[in-house]
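The values are calculated or read from the model by the stated rules, or taken from the named source; none is laboratory data. Since the model is a prediction, treat every value here as computed from it, not as a measurement. Here Cβ is always computed from backbone atoms with ideal geometry, including for glycine, and neighbour counts include all displayed protein chains.
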Number of protein chains: 2
Amino acid sequence: MKKIESRENKWFKRLNGLKLKKNRDKEGVFLAEGLRFVSEIPEEQAVEAFVVSEGFSAAHDVAIYEKKAPVLCIPDGLFATLCDTENPQGILAVCPKLDWDETAVFRKKAPFFLLAEELNDPGNLGTVIRTADACGADGVFLSKGSVDLYNPKVLRATMGALFHIPVFQDRSLEELSVKLKQERIPLYAAHLQGKDYPYDLDLRQSCAFLIGNEARGLSEQAAAYCDQWVKIPMPGRAESLNASVAAAVLLYEVVRQRIK
Amino acid sequence: MKKIESRENKWFKRLNGLKLKKNRDKEGVFLAEGLRFVSEIPEEQAVEAFVVSEGFSAAHDVAIYEKKAPVLCIPDGLFATLCDTENPQGILAVCPKLDWDETAVFRKKAPFFLLAEELNDPGNLGTVIRTADACGADGVFLSKGSVDLYNPKVLRATMGALFHIPVFQDRSLEELSVKLKQERIPLYAAHLQGKDYPYDLDLRQSCAFLIGNEARGLSEQAAAYCDQWVKIPMPGRAESLNASVAAAVLLYEVVRQRIK
């Protein structure tokens, strides 16, 4: 176990830099934070290093982590400055970003996908990924202008689901819509002006849903890429749904139809 | 328009105190924050006072607010200290807490309800209320130990839905389960060990769902109050759902069954 004592340490500076997207992008790594999240890291997922606080290393056997990757130990106060949570649990992992095979995803039998345009709220994005994973969706595609998948708040809200389900970032919705057409996968827009309910669609076949930004909904341009607009019924008085709730209603309709 | 200049002003001190639940409880009022939220206040909802920042009063015609209640004007810096958001919009309303008639709620035709045990996350609770409102649910009941409905983060996530749908706080789940039995309304628990899917239930009849705490799920005690445990299918790899997503899947199954 390597000890780091100071803010001036090169490793510490690097870890601290990884709080910023630009550095995560440059290095192609991210920080997985917390005991629960670290325990969700699959066997086959590479880890470059684990970082623990002194308090954590005193209370836990870090040998199990050392089997997989080098462990760095940092004083509690310094460790806390690396973390997004108020009460850090004392462990994080430096992981290479996930690299999913998009071709394989399209080769699945009757795949179903979720596409999102400019999701901005980290909690929403993480929840969408967690829900898509629970539903057994085959992939999530995020447009340019979405919050970063590797933002710590997004990671936390996924509850580890990002290790299970392929998520593709910075995608052009136009190119994706062309690809979906080629593959004969209908793209449904969640749209307030849609006429059909999701319950009217045959979702046992391949399908993809596009949901819009939390505040603005779908852009006109993005809505035009879709084959059909679908309306989630709102018989009550609220005029819109939280984006992660809208995604859940659509994805669970796929589950319902396929379960029978 | 009354001007408030100092932190020592009695009104300012009172407003500042309303950030705390104990003061909201003592006075029976809450702060509705932001232009969007204030615009959601229904005609029939009483407002004790509006509070605006100097910047807001320079840019907006506050006469429309003065028709309904006195308007207090506060310097921008002081105003910001009253707000939960980082970029306050310059307006808030002091409103008496909502007082719904529970008897009326049970008298509805085939009512459906959501009950929640110790929801702790403000965003989750607000989203649950917004979703229940969109679904046309007849009421939301919160157990003791839930986050306060009038917490500013909860209010924001409701997007104004709390003005539309009756929400009852600090309820005993045991007493509620007795009441539901008397009214012959089946209470379904969202439970990982449930056997039936929500799709197997007849939800065109009166019904109520109970969801558990974000981290712990339902307590054994609360689960025992329920007539039937219901399992939300998770054909993918995630082992649980966000609480507001679980609520949405259940409430939208009611909508789906009733829409036909």
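A few comments on the model shown:
- Test for residue B:43: is it farther than 24 Å from residue B:8 by Cα, loosely packed, with under 14 Cβ neighbours inside 10 Å and either touching a helix residue (DSSP H, G or I) at 6+ places or on another chain (Cβ under 7 Å) or acidic (Asp, Glu) (or both): yes
- Within the stretch B:141-156, considering residues that are out of contact with any strand residue (DSSP E or B) (no Cβ under 8 Å at 6 or more places or on another chain) and surrounded by fewer than 23 Cβ atoms within 10 Å (Cβ to Cβ), the one farthest from the other protein chains (Cβ to nearest Cβ): B:145
- Helices (runs of 4 or more DSSP H) enclosed by the stretch B:4-65 - at least 2 residues per element that are among the hydrophobic types (A, V, I, L, M, F, W, C) and assigned by TED's automatic domain parsing to the domain that holds residue B:91: B:10-17, B:35-39, B:54-59
- Scanning the stretch B:230-260 for residues that are among the hydrophobic types (A, V, I, L, M, F, W, C), under 30 Å from residue A:163 (Cα atoms) and out of contact with any Pro (no Cβ under 6 Å at 6 or more places or on another chain) yields B:232, B:234, B:238, B:241, B:243, B:245, B:246, B:247, B:248, B:249, B:251.
- Taken together, B:168, B:163 contain a single residue that is under 30 Å from residue B:86 (Cα atoms), in contact (Cβ under 8 Å) with a residue 24 or more places away in the chain, touching a Lys or Arg at 6+ places or on another chain (Cβ under 9 Å) and surrounded by fewer than 21 Cβ atoms within 10 Å (Cβ to Cβ), which is B:163.
- Yes/no for residue A:201 being at negative phi, surrounded by fewer than 20 Cβ atoms within 10 Å (Cβ to Cβ), touching a helix residue (DSSP H, G or I) at 6+ places or on another chain (Cβ under 9 Å) and of a type in the set (A, V, I, L, M, F, W, C): yes
- Which numbered condition residue A:138 fails, given (1) charged (D, E, K, R); (2) more than 10 Å from chain B (Cβ to nearest Cβ); (3) under 16 Å from residue B:234 (Cβ atoms): (2)
- Of the residues in the stretch B:16-33, at least one is among the aromatic types (Phe, Trp, Tyr) and either in contact with a His (Cβ under 8 Å, 6 or more places away or on another chain) or within 27 Å of residue B:169 (Cα to Cα) (or both).
- Across the stretch B:115-124, the qualifying residues are those that are away from chain A (no Cβ under 12 Å) and not polar (S, T, N, Q), and the one among them that is nearest to residue B:157 (Cα to Cα) is B:119.
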